[in-house]
Amino acid sequence: VWEGGAGSTAFLPRGVPHAFRNIGATDARILVGVTPGGFEEFFVELERDGVTDLAKVGEIAARYGLEFLGPPLEA
């Protein structure tokens, strides 16, 4: 478990299971960089199709090599 504040950065090598949640009282923004390129299309597809159903998100994620390992972190 690691708590980062404004301006924090984290590096996770490929294949490292991870999760995040906002524990603050205000909205948070996150900037993600992924290499090699191509994974950004996952987010483009979600936005383009207006996907909000978690089962559908999982289907799309699988096409990009992303696997959700468990339920969201508890607040």
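The values are calculated or read from the model by the stated rules, or taken from the named source; none is laboratory data. Everything quoted here is computed from the prediction, not taken from an experiment. Don't worry about glycine lacking a Cβ; one is built from the backbone with ideal geometry, like all the others, and counts go over all protein chains shown. Accessible surface is based on the protein model in full, side chains and every heavy atom, while ligands, DNA and RNA are left aside. Shrake-Rupley method; radii C 1.70, N 1.55, O 1.52, S 1.80 Å.
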Of the residues in the range 9-28, how many are at pLDDT below 90, open to solvent by 100 Å² or more (accessible area, probe 1.4 Å) and more than 18 Å from P71 (Cα to Cα)?
1
Of the conditions (1) assigned to a helix (DSSP H, G or I); (2) open to solvent by 70 Å² or more (accessible area, probe 1.4 Å), the single one that A6 does not satisfy is (1)
Report whether or not E67 is in a helix (DSSP H, G or I) and open to solvent by 80 Å² or more (accessible area, probe 1.4 Å).
no
Per the list (1) under 12 Å from the mean Cα position of the chain (by Cα); (2) at pLDDT 90 or above, residue check on Y64 breaks on (1)
Please go through the range 33-57 and give me each residue that is among the β-branched types (V, I, T), assigned to a loop (DSSP other than H, G, I, E, B) and surrounded by 10 or more Cβ atoms within 10 Å (Cβ to Cβ), ordered by number.
V34, V51
